[in-house]
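The values are calculated or read from the model by the stated rules, or taken from the named source; none is laboratory data. None of the values given here were measured: they were computed from a predicted structure. Because the Cβ atoms are built from the backbone with ideal geometry, glycine has one as well, and the counts that use them run over all protein chains shown. These accessible areas exclude ligands, DNA and RNA; they are computed on the full protein's heavy atoms, side chains included. Shrake-Rupley method; radii C 1.70, N 1.55, O 1.52, S 1.80 Å.
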Amino acid sequence: MAAAAREMRYRGKQAVNGSLAYDLDYAVRERELRHAGEAPKGREKARAKVYEAPRVLVRARQYVSPLAVLSVAAIMGLALLVLMNYVQLTLLSAETVQLQTQLTELETENVSLTAQYQRMFDMASVKEAAEAAGMSKPSGTQMSQLDLSAGDSAVAYRQKEPGLLSRILSSLHGGVYAVVEYFD
């Protein structure tokens with residue numbers, strides 16, 4: 001009677017036998033119990049199978065799109081152009097630095113030469129050089145006066161209007177000249 005009382009007490013909805021964790025293998029165990037006496041289905045076929053030599057699997061040849069080849073070639077060409085432009089930029093930068101140093105040298109030389117020039121051309125040295133060459137001030141007979149008291153006059157002539165043929169030829173000449181100038 002004590003055993004029956006104990007069973008009744010733990011059989012209720014509140015009682016737990018063991019762990020509270022979920023039994024994840026429950027469905028697998030139930031399926032194994034249901035099919036416990038049956039023969040396995042897949043084993044008969046496996047015994048009758050004749051073993052063959054393993055086949056070598058060959059990958060199918062991949063098709064390369066001409067567009068993909070062209071795009072790769074274009075990308076490589078553009079990368080080469082960018083690289084060449086960087087080389088040109090580096091060369092131009094080096095040349096710019098060289099020209100700037102040359103400019104500063106020329107500016108200092110200009111300052112010194114300008115000072116020398118101004119020292120050479122003072123009025124006393126110019127007067128001495130002119131007298132040494134035989135130059136003298138002009139006399140009154142060597143000078144002449146220009147009379148501008150008379151009024152100005154101008155004559156305008158009217159040109160003859162060009163004909164149709166001459167206008168066509170001049171426009172053709174202008175067009176040919178423009179094309180030659182464009183391509184030159």
Determine ³J(HN,Hα), in whole Hz, for all residues of the stretch 171-180 in sequence, where each value follows from phi through the Karplus function 6.51 cos²θ - 1.76 cosθ + 1.60 and θ = phi - 60°; x replaces Gly and Pro. 5, 5, 4, x, x, 5, 4, 5, 5, 5
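With +1 on each Lys and Arg Cβ and -1 on each Asp and Glu Cβ, how big is the dipole of the stretch 88-175 about its Cα centre, in debye rounded to the nearest 20?
Magnitude of the dipole: close to 600 debye.
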Please give the solvent-accessible surface of E181 in Å², to the nearest 10, using a probe radius of 1.4 Å with every protein chain present. 100 Å²
Nothing charged except the Cβ atoms of Lys and Arg (+1) and of Asp and Glu (-1): what's the magnitude of the dipole of the stretch 107-147 about its Cα centre? Round to the nearest 20 debye. 180 debye
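So if we plug the beta-carbon distance of T141 and F121 into 1/(1 + (r/R0)^6) with R0 = 25 Å, what FRET efficiency do we get, rounded to 0.05?
Details: r = 30 Å, r/R0 = 1.21.
Efficiency computed from Cβ-Cβ geometry: 0.25.
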Where the centroid of each part is defined by its Cα atoms, how far is the stretch 130-174 from the stretch 71-116 in Å? 49 Å
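Report, to the nearest whole %, how much of the accessible area of the stretch 70-182 belongs to carbon and sulfur atoms, 1.4 Å probe, protein only. Display every interim value, and only then the final one.
Numbers: 7260 of 11280 Å².
So the carbon and sulfur contribution to the accessible surface is 64 percent.
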What accessible area per residue comes out for the stretch 113-184, rounded to a whole number of Å², with a 1.4 Å probe? 107 Å²
Taking the Cα-to-Cβ direction at Y26 and at Y182 and moving 7 Å from each Cα, how far apart do the two end points lie in nm? 9.0 nm
Cβ charges +1 (Lys, Arg) and -1 (Asp, Glu), total dipole of the stretch 60-134, debye: 720 debye
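For a Förster distance of 30 Å, can you work out the FRET efficiency between the beta-carbons of L57 and L78, rounded to the nearest 0.05? Write out the running numbers ahead of the final one.
Values: r = 40 Å, r/R0 = 1.32.
Plugging the Cβ-Cβ distance into 1/(1 + (r/R0)^6) gives 0.15.
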